[in-house]
Amino acid sequence: MDQFFTFTDEAFLKKERDKARKLRSSQWWKRKRASGICHYCHNAFLPKELTMDHIIPLSRGGKSEKFNLVPCCKECNTKKRQLLPFEWKEYMDSLKK
C-alpha cells in the first residue's frame, strides 16, 4: 500500500482521544453498539466485544464526532488500521478476487 498522509499534531490527537474516551461511556455509544453488529464485516458480536472505530482515523485528520464513530469487531479494527473508507473498500474488494 502506498505511503499515506498522517496527522501528527499531538495536541489535536490528545484532545480527540479524550473526546472519544468520554463518548465511549455515553448512552449514545451504548445504544450504538447494542445491536452487536460490526460496521465493516456485518457479523454479530456481543456488544462488549465491539470496539470504537473512527471511520476517518484521527491520524488522517478525522475527529471524535458521532458521525465518524462506528462499532466494529477487533479483527476489522486491527486490519483497518489507518485506512480511509475508500482504501478499506479497495482492501476488502481485493480479498474477494
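From the list Lys97, Lys48, Lys80, Lys66, the lone residue that is surrounded by fewer than 16 Cβ atoms within 10 Å (Cβ to Cβ), without any contact (Cβ under 8 Å) to a residue 60 or more places away in the chain and under 22 Å from Glu10 (Cα atoms) is Lys66. Of everything listed in (1) closer than 20 Å to Arg24 by Cβ; (2) open to solvent by 70 Å² or more (accessible area, probe 1.4 Å), the single unmet condition for Pro71 is (2).
Total residues in region 19-31 satisfying the condition of being assigned to a helix (DSSP H, G or I) and open to solvent by less than 80 Å² (accessible area, probe 1.4 Å): the figure is 5.
In the condition set (1) out of contact with any Gly (no Cβ under 7 Å at 6 or more places or on another chain); (2) loosely packed, with under 13 Cβ neighbours inside 10 Å; (3) without any contact (Cβ under 8 Å) to a residue 24 or more places away in the chain, Asn43 is compliant with all but (3). In this entry, Ser64 is excluded by the filter for residues that are among the small types (Gly, Ala, Ser) and part of a helix (DSSP H, G or I). In summary, Ile37 fulfils each of the numbered conditions (1) of a type outside the set (D, E, K, R); (2) open to solvent by 60 Å² or more (accessible area, probe 1.4 Å); (3) over 20 Å from Pro85 (Cα atoms); (4) at pLDDT 95 or above with the single exception of condition (3). Restricting attention to region 83-94, the residues that are open to solvent by less than 70 Å² (accessible area, probe 1.4 Å), modelled with pLDDT under 90 and charged (D, E, K, R) add up to 1.
The values are calculated or read from the model by the stated rules, or taken from the named source; none is laboratory data. The model shown is predicted, which means the values in this text are computed figures rather than measured ones. Quick reminder, even Gly has a Cβ in these numbers, built from the backbone with ideal geometry, and neighbours come from all protein chains shown. For accessibility, only protein heavy atoms count, side chains too; no ligands or nucleic acids. Shrake-Rupley method; radii C 1.70, N 1.55, O 1.52, S 1.80 Å.
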